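The values are calculated or read from the model by the stated rules, or taken from the named source; none is laboratory data. No experiment lies behind these values; they were computed from the predicted model shown. Glycine gets a Cβ as well: all are built from the backbone with ideal geometry, and neighbour counts include every protein chain shown.
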Amino acid sequence: MVVMKTLYKRVLKPILFKFDPELIHDVFVSGGELLGRFTLTRGLIGMFYRYDGPDISKTVDGIRYHTPVGLAAGFDYNGRLTRILPSVGFGADEIGSITARPCAGNDPPRLRRCIQSEALVVSKGLKNKGVDAFIEKMRRTSREPGFVLGVSIARTNDDLAVGLEEGIEDYATSLQKLVDTNIGDFYTINISCPNVHGGESFAEPDALRPLLERLMAIKHDKPVYAKMPISVSWPEFQEITDIVVEYGLDGVVIGNLNKDYDSLRYRDEAPADYAGGLSGLPCRDPSTELIRRTRQHYGDDLTIIGCGGIMTAEDAMEKFRAGADLLQLITGMIFEGPHLMKQIGKAYARNRSQIRGDKPRRRVTQPEREVVSIAD
């Protein structure tokens, strides 16, 4: 692993970082999709990057994860990497965010690196092919038994879903179609995307209540989480979380992009005229502190998925110690390399006695289920 880490950080990364970040993202997604098609290439990648130590599986809300680290929403937004991700040490893939209609996203540039600050400025604008294309893709795609598939759902970033009622129905359309086709092992309601038309309107209590009332009326047996903002005060965060609890969601993902550019280590890396939120290191401390306070305040009532600024295995352990049940990441993989998930797995195995264990589902009684693959 030391050789692969050195190769990535000293040879491959300096080359990759000379090119447009969205271009590199697209190349890696296409490459990962191709490598995932063949048993041989999946095995070769797994020899270097798949976690191979003591058992670190974990059951959360009735779903067994082979590893407690998932790919966060915002990277594999069309579901193209589900076959290769287990070979890179992931236990889950959260697709999306998926929207009711195809969405071209915001005008480019949609990504900018802040290299010294270990951050990305992200303004994707929910670029994706829409829920119908995603469902068709999943129907044609097999996945490794036990690999968990989550789906993040958001409002289409266009002029047709700007109003409150239109936005709510946009979410509901996607969720209903996923439920009807039994696609996804859990669902995340993205209420806090900071770079779409109307901003974070559904993170406001007056909009969040009718949204959750509508979505929780759609019957299914899958866990549901809310993707939370982190650029808010604790009283604001708590008000939103109280509504999440009131409407019976299973938990929260803490959290989304950081809107505070002053949190960059080097502020001049992000021009004032560039739109978008920050991922990476600027998210680490705010998300970890919100995880800690959420666990302290709500106890075991909520599942917490820790996301934001996981750049090292120790960052991951800190989020677990703060109270996270599972983790998700993207930017740490980009800056540190694909060996990071294996490092986290090994650190988790060493520290497991100090970390929260399995979490049974509290709101819906159901037996533990091993995730099954979708047939080719």
Self-check item: Residues satisfying the stated conditions in the range 53-75, i.e. surrounded by 23 or more Cβ atoms within 10 Å (Cβ to Cβ) and of a type in the set (Asp, Glu)
Solution: Asp61
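Taking the range 172-181, which residues are hydrophobic (A, V, I, L, M, F, W, C) and buried (at least 18 other Cβ atoms within 10 Å of the Cβ)?
Keep residues of the range 172-181 that are hydrophobic (A, V, I, L, M, F, W, C), which gives 172, 175, 178-179.
Residues satisfying the conditions are Leu175, Leu178.
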Quiz prompt | the range 281-303 residues that are without any contact (Cβ under 8 Å) to a residue 40 or more places away in the chain, paired with ones that are among the β-branched types (Val, Ile, Thr) (beta carbon under 7 Å, 6 or more apart) | solution = Ile291/Ile254; Ile291/Ile304; Arg295/Ile304
Quiz item: In the range 204-221, is there at least one residue being free of Cβ contacts under 8 Å to residues at least 12 places away in the same chain, part of a helix (DSSP H, G or I) and farther than 24 Å from Val122 by Cα?
Solution: yes
Quiz item: Has the range 59-72 got at least one residue that is at pLDDT 95 or above and more than 30 Å from Arg362 (Cβ to Cβ)?
Solution: no
Practice problem: Could you please tell me which pairs satisfy a Cβ distance under 7 Å, a separation of 6+ or placement on different chains, a first residue in the range 224-249 that is in contact (Cβ under 8 Å) with a residue 12 or more places away in the chain and surrounded by 21 or more Cβ atoms within 10 Å (Cβ to Cβ), and a second residue that is among the charged types (D, E, K, R) and part of a loop (DSSP other than H, G, I, E, B)? | Solution: Val224/Asp250; Tyr225/Asp250; Pro229/Glu200; Ser231/Lys259; Ser231/Asp260
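Could you pull out the residue among Gly280, Gly184 that is of a type outside the set (Ser, Thr, Tyr), in contact with a Lys or Arg (Cβ under 7 Å, 6 or more places away or on another chain) and either crowded, with 19+ Cβ neighbours inside 10 Å or closer than 25 Å to Asp159 by Cα (or both)? Reasoning before the result, please.
Working: Gly280 fails: in contact with a Lys or Arg (Cβ under 7 Å, 6 or more places away or on another chain).
Matching residue, one of Gly280, Gly184: Gly184.
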Practice problem: Within the range 193-206, identify whether any single residue is surrounded by 24 or more Cβ atoms within 10 Å (Cβ to Cβ) and modelled with pLDDT of 95 or more, and answer yes or no. | Solution: no
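So is Arg209 more than 27 Å from Val60 (Cα to Cα) and either within 15 Å of the chain's Cα centre (by Cα) or surrounded by fewer than 17 Cβ atoms within 10 Å (Cβ to Cβ) (or both) or not?
Values: more than 27 Å from Val60 (Cα to Cα): no; either within 15 Å of the chain's Cα centre (by Cα) or surrounded by fewer than 17 Cβ atoms within 10 Å (Cβ to Cβ) (or both): yes.
Considered against the rule, which asks whether it is more than 27 Å from Val60 (Cα to Cα) and either within 15 Å of the chain's Cα centre (by Cα) or surrounded by fewer than 17 Cβ atoms within 10 Å (Cβ to Cβ) (or both), Arg209 comes out as no.
Yes/no matrix, rows are residues, columns are (1) charged (D, E, K, R); (2) modelled with pLDDT of 75 or more; (3) within 17 Å of Asp185 (Cα to Cα); (4) exposed (fewer than 14 other Cβ atoms within 10 Å of the Cβ):
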| position | (1), (2), (3), (4) |
| --- | --- |
| His339 | no, yes, no, no |
| Ser353 | no, yes, no, yes |
| Pro367 | no, no, yes, yes |
| Ile374 | no, no, yes, no |
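Scan the strands (runs of 3 or more DSSP E) fully inside the range 19-73 and keep the ones with 1 or more residues being farther than 19 Å from Gly337 by Cβ, touching a helix residue (DSSP H, G or I) at 6+ places or on another chain (Cβ under 8 Å) and touching a residue at least 12 places away in the same chain (Cβ under 8 Å). Lay out the reasoning, then the answer.
Numbers: elements: 58-60, 63-65, 69-71.
Per the criteria, no element qualifies.
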Practice problem: Considering only the range 123-165, state which residues are surrounded by fewer than 20 Cβ atoms within 10 Å (Cβ to Cβ), in contact with a helix residue (DSSP H, G or I) (Cβ under 8 Å, 6 or more places away or on another chain), among the aliphatic types (A, V, I, L, M) and assigned to a loop (DSSP other than H, G, I, E, B). | Solution: Leu160
